[in-house]
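Read the structure below first, then the notes.
The values are calculated or read from the model by the stated rules, or taken from the named source; none is laboratory data. What you are looking at is a predicted structure, and each value in this text was computed from that prediction instead of being measured. Glycine gets a Cβ as well: all are built from the backbone with ideal geometry, and neighbour counts include every protein chain shown. Just the protein is used for accessible areas: all its heavy atoms, side chains included, with ligands, DNA and RNA removed. Shrake-Rupley method; radii C 1.70, N 1.55, O 1.52, S 1.80 Å.
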Amino acid sequence: MFARRYVQGLLLLCLTAAVFGCSTSGLDSVQITPTTQSLTVGQTAQFTVVGTYGNAKHPTTQTITSGVTWTSSAPAVATVSASGVATAVGPGTTTIIAGGMAFNGPTNSSATLTVTGSGGTAGSSIASISVIPGSQSVASPSQTTQFIAIGTTSSGRLTGRTARRPSPVVMATVAPPRG
């Protein structure tokens, strides 16, 4: 009699689990956003992860950015912190991966991060400098003139970056008199 009731109870439990699901709280999957990102060396970007819960029964979503494990497939291109902030280190392409333990085992999502070099910062070197005008004359030592310097790096033209020497700077080339 006891065995018969035990089997009936077990069958009822199995039937209930099959109809309603075993649990509605397990992590099913993760999704990283953005899925593609482009940076220049030295820049950062925030990646976010949304987890889907519910074991496919009445799914809900929740942001779980700090609750996953972050990795970069190429740390020489970009690193990623435990909070999903990627830092561009060098030119190239890397895959940013966010992973976690789901109800049915490991789950992950990935994004592609492309890093390009930037003028005047890590990852590039000065290739040439042009000074405009090429020459300038002044009539007396108290007169001044201005020049523009345009630099080109191995990764492109310098833009918005200047290096200045402290004032006063006195520089001159004196040519011998002709004649």
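Derived scalar couplings between HN and Hα for segment 76-93 equal 6, 9, 7, 10, 9, 7, 5, 9, x, 8, 8, 10, 6, 9, x, x, x, 10 Hz in order, rounded to whole Hz, by the Karplus curve 6.51 cos²θ - 1.76 cosθ + 1.60 (θ = phi - 60°), x for Gly and Pro.
Expressed in nm to one decimal, what extension gain is obtained for the pair residue 82 and residue 148 from 0.36 nm per residue of sequence separation less their Cα-Cα distance?
On the way: separation 66, 0.36 × 66 = 23.76 nm, distance 4.44 nm.
My answer for the length gained is 19.3 nm.
For segment 58-75, 3J(HN,Hα) computed residue by residue from phi via the Karplus equation (6.51, -1.76, 1.60; θ = phi - 60°) reads 6, x, 10, 10, 7, 6, 10, 3, 8, x, 10, 9, 9, 9, 10, 6, 9, x Hz, glycine and proline entered as x.
Rolling a 1.4 Å probe over the protein chains gives residue 85 an accessible area of about 40 Å². Say a paramagnetic label sat at a point 7 Å from the Cα of residue 62, along Cα to Cβ; which residues of segment 75-108 have their backbone N under 14 Å from it? Those under the cut-off are 101-103.
At a 10 angstrom cut-off on C-beta neighbours, averaged per residue, how do the peptides 57-63, 86-92, 38-44 rank from highest to lowest? Can you show the working numbers first?
On the way: 57-63: 11.4, 86-92: 19.6, 38-44: 16.4.
The packing order, highest mean first, is 86-92, 38-44, 57-63.
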